[in-house]
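Here the structure is laid out as structure tokens; the discussion comes afterwards.
The values are calculated or read from the model by the stated rules, or taken from the named source; none is laboratory data. This is a predicted model, so every value here is computed, not measured. We place every Cβ from the backbone using ideal geometry, glycine too, and count neighbours over all the protein chains shown.
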Amino acid sequence: MSVLPFPSFLDDIKEKGIKKAIFEGVDNIVERVTAGMNIQDIREALRGETPTRRPNPRLQPHADGFWLHMRPSFFHKDMTGLYPTLRLGWLSTYMVAFETITGMILMVWYTPSPQVAYGNMVNMLANVPLGQLMRDLHRLGAEGMVLIVTLHMLRTFFTGSYKKPRQFTWFTGVILLFATLFLSFSGYLLPWDQLSLWAVTIGASMIEATPPEIVGTNLNLLIRGGPEMGANGLLRFYLLHVLLVPAVLFIFTGVHYYKVIVHGHSLPPKSENIGEDTAKRVPLDKRVYFIPDMLTSEVMWIAISTLVMVVLCIWFYHAPLENHADSQITPIGTTAPWYFLWIQGALKLGDKVLWGVIFPGVYLAFLAVVPYIDSTKSRRFADRRVALTVCFLLMSFTTILSYMGLSEYGVAASADTKIIHEMTKEPAYNKMGLLLPIPFDRLVPGAYTTVQFEGDAPDSAAINFNAEIEENGLRAELTSQLSKVHLASNYQTLPFVAVPDNAPELHRALEEFYELLETNHEELYNAWGVVIVTQNQEGLKRVDVLISWDEVQLDTGRVIKGEDGLPILVLDAEGNTTRRWSVGHVFVHENSAYFEN
Amino acid sequence: MATANPTQARAGAAAQASAVEVSPVSRREFLYYIWGASIALLLGEVGAGIIWFALPRFKEGEFGGTFPFSVSDLPALGDPPVSVPEGRYHVSVVSENGRKALVALYGVCTHLGCLPKWEPVNVRFACPCHGSQYQIDGRYITGPAPRGLDRFPLTITMADGRVLTNGVDGLPIDISDIILDQISSITINTGKKVTGPAHGAEPALSVGKA
């Protein structure tokens, strides 16, 4: 007779006593949750014992549970070590999950609109607890995912695992690579900073170059939502980033892994005969069961990689955030992210249709069909000389192109522009102008010159400099240059002094300025530099940087040298040297985030 | 089996194929094919509809407009171009074939849409993205750009009612014989863009008239 009008847990207690009833109840729940393993089974597995129950309960979760239904219940011993997989496939899968989770967390504080997106970033960095950590993790994870996926692909190539019957697995892998790259790229735009805007403007213009013209123009309009990158473009990139491309990625991750399971994990080339594929025939003594060996190993790998990323993001890495997007200024030194530098390098070679559309298209298409071209049977290095040579050539080629993608290559800027940029540039790639990180109160107002470093007596050098420019008439020219950039007139004629002792950071920045001029002494002949710090308003200082030098003859940016090895000066009709000037300035607010307060 | 005649070979293959009994298309089968084809057509229409839906539309005059340019802002010959960021253009006074001329350049690189900056020392526009360079009149110097900078039509209205324009070709307008005081207005039409000159184009003056 039941305690209640229906059979219940209370009957168990009455029958077995409370302790035993609770234990059996919990045991029962555990077995249901794990789809087949009770507490005793789990403990046996974790202790490394053989299962006592028959049928083997460690196979049940694969047969009856959802989460393990696609995972094999045992693996071949030869592929469970670090070699040959290096666990890169598993880590790629983990990165998908990692990016999805951190991405969903970031979405809580993000609105895809040009008016608020950048403010969201600042808010996340300043006001949201763990906001910066989440952003850093998502960004570092994205870079890590590109790296891991690429390494996974290289590993698959080197072990010849793309060969029959796994050609299609490789093909879906290339689709996943493409999705990974596009996810990374579309995520670039979302903070709506300068880096975002110009990287994506270049990307969208490459799409616009797709022939024929009607296709390119319309693709460009579709992706930007207008003739220029604006609110529509941001929203579209956001939707691609959080919905469409992840959907493609998830589906093809499924297809890819299903194919891996169908064909079995390929064994190291040396452990089977040429042309044989024994991955699916695992002898009993070679079996390594998923529960517990592979499961614990996989958990260990993702735990280590999470730990590494968290440590990096706390102490060593912060996701870059540049200034608010400005559609009217392209920053100097605009470069693509490192994994797209090869395309940026190719784009410098010439025609944008050829190098921006056809070349990357053919490159990726070639990767996709590699297994159908290289149909030789052997997976051993000695038999794959051509394939490996092509692979190494492609890797070298891509590395060289990536080097060419750097802003140092092929993008001309005169030495003075570069130096002024170096002194005053807004933060980009976690670097900023030398003058910006000087603490506000130690940015002492005054006029300073690099001449103070020529010799041992800074004070007298500055005094002499005042007299010198007064004498040779350069003072008037200097005043007029400063007036052109609207420096207040009472500051235009400040006498130069040596940097005071209470401004050590300013002293260091000026010294580096001096060294930059020295390094470029051929192009900037007889040069001196000036830094003028002024304050017109409470809490806001203006820093002007000026370079003056004798113009030398240049041939496409290179100094032409005379027979004596010295640069040839540009002389006017009367045989006098031509004095050139270059000016830049930056405002520093006392609450700027450039320096630690 | 060596077959002398290719026709015979094909006939032989056909005979072998027909050995595997394939009955002709039945009515039911045919209707399924028609059904499948109509689904494919419908999906195609849905795809076209999505593209139609997502394509941005522009109203007449929504993009670009007419910008006035103050005569007093005109640079002297040899001075750097005057940049107007809100209209994304530069106004250059250039010496073209020995004549002083005025031209308005669209400030967007013809390569991939970055904004080249005027470099006073090298006397040229240099693009920070992929290194294309242009002369002061927008003609191509070097780099991956497919052509020189695009141009906007300029209209110069004189106090006496004469109108100078380069609406046809966007090329520099000869202003050697014009006294600046007699210009009553200069306007730049950013709604009409004239494609920039090809590589190696010779300096040329506008033939005038719209």
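Looking for something farther than 28 Å from residue B:123 by Cβ and either part of a loop (DSSP other than H, G, I, E, B) or of a type in the set (D, E, K, R) (or both) - is there at least one such residue anywhere in region A:582-591? Within region A:582-591 (the criterion being farther than 28 Å from residue B:123 by Cβ and either part of a loop (DSSP other than H, G, I, E, B) or of a type in the set (D, E, K, R) (or both)), the answer is yes, since at least one residue qualifies. Criterion applied to A:295, A:284, A:312 was being surrounded by fewer than 19 Cβ atoms within 10 Å (Cβ to Cβ) and over 31 Å from the mean Cα position of the chain (by Cα), and the one residue passing it is A:284. Is at least one residue of region B:140-148 outside any strand (DSSP E or B), in contact with a Cys (Cβ under 7 Å, 6 or more places away or on another chain), more than 8 Å from every other protein chain (Cβ to nearest Cβ) and farther than 21 Å from residue B:174 by Cα? The answer is yes, given that some residue of region B:140-148 is outside any strand (DSSP E or B), in contact with a Cys (Cβ under 7 Å, 6 or more places away or on another chain), more than 8 Å from every other protein chain (Cβ to nearest Cβ) and farther than 21 Å from residue B:174 by Cα. Take residue A:413 and decide whether it is hydrophobic (A, V, I, L, M, F, W, C) and within 29 Å of residue A:519 (Cα to Cα). Yes.
In region A:59-79, the count of residues that are in a loop (DSSP other than H, G, I, E, B), outside the structural domain of residue A:288 (by TED's automatic domain parsing), over 43 Å from the mean Cα position of the chain (by Cα) and modelled with pLDDT under 95 is zero.
Any residue in region A:390-401 that is in contact (Cβ under 8 Å) with a residue 24 or more places away in the chain sitting within a Cβ distance under 7 Å of a residue that is surrounded by 14 or more Cβ atoms within 10 Å (Cβ to Cβ)? List the pairs, counting only those 6 or more apart or interchain. That search, which allows pairs on different chains as well, returns A:391/A:157; A:398/A:342; A:401/A:342; A:401/A:345; A:401/A:346.
Within region A:321-337, the residues that satisfy the criterion of being more than 17 Å from residue A:234 (Cα to Cα) and among the hydrophobic types (A, V, I, L, M, F, W, C) are A:329, A:332, A:336. Would you mind stating whether residue A:278 is assigned to a loop (DSSP other than H, G, I, E, B) and within 14 Å of chain B (Cβ to nearest Cβ)? Against the criterion (assigned to a loop (DSSP other than H, G, I, E, B) and within 14 Å of chain B (Cβ to nearest Cβ)), residue A:278 does not qualify. If you go through region B:150-169 and keep only what is within 16 Å of residue B:115 (Cβ to Cβ) and more than 14 Å from chain A (Cβ to nearest Cβ), you end up with B:151, B:152.
So which helices (runs of 4 or more DSSP H) stay within region A:425-534 end to end and still have 1 or more residues that are out of contact with any helix residue (DSSP H, G or I) (no Cβ under 6 Å at 6 or more places or on another chain) and within 27 Å of residue A:590 (Cα to Cα)?
A:474-484, A:504-519
Annotation: of all residues in region B:93-122 being free of Cβ contacts under 8 Å to residues at least 24 places away in the same chain and within 10 Å of chain A (Cβ to nearest Cβ), the one that is surrounded by the fewest Cβ atoms within 10 Å (Cβ to Cβ) is B:122. Within region A:535-556, if we keep just the residues that are exposed (fewer than 15 other Cβ atoms within 10 Å of the Cβ) and in a loop (DSSP other than H, G, I, E, B), the residue that is nearest to the chain's Cα centre (by Cα) turns out to be A:556. For the structure I just gave you, tell me whether residue B:143 is crowded, with 21+ Cβ neighbours inside 10 Å, under 18 Å from residue A:205 (Cβ atoms) and without any contact (Cβ under 8 Å) to a residue 40 or more places away in the chain. Taking the combined requirement at face value, the residue satisfies it.
One residue alone among B:178, B:188 is at pLDDT 85 or above and β-branched (Val, Ile, Thr), and that residue is B:188. Can you find even one residue in region A:361-372 that is under 22 Å from the mean Cα position of the chain (by Cα), surrounded by 15 or more Cβ atoms within 10 Å (Cβ to Cβ), more than 30 Å from residue A:130 (Cα to Cα) and within 14 Å of chain B (Cβ to nearest Cβ)? Looking through region A:361-372, none of the residues is under 22 Å from the mean Cα position of the chain (by Cα), surrounded by 15 or more Cβ atoms within 10 Å (Cβ to Cβ), more than 30 Å from residue A:130 (Cα to Cα) and within 14 Å of chain B (Cβ to nearest Cβ). Looking at the structure I just gave you, is residue A:128 farther than 15 Å from residue A:191 by Cα, surrounded by fewer than 20 Cβ atoms within 10 Å (Cβ to Cβ) and either of a type outside the set (S, T, N, Q) or at pLDDT below 95 (or both)? When the stated conditions are applied, residue A:128 passes them.
In summary, strands (runs of 3 or more DSSP E) completely within region B:28-106 and bearing 3 or more residues that are under 22 Å from the mean Cα position of the chain (by Cα) occur at B:89-96, B:99-106.
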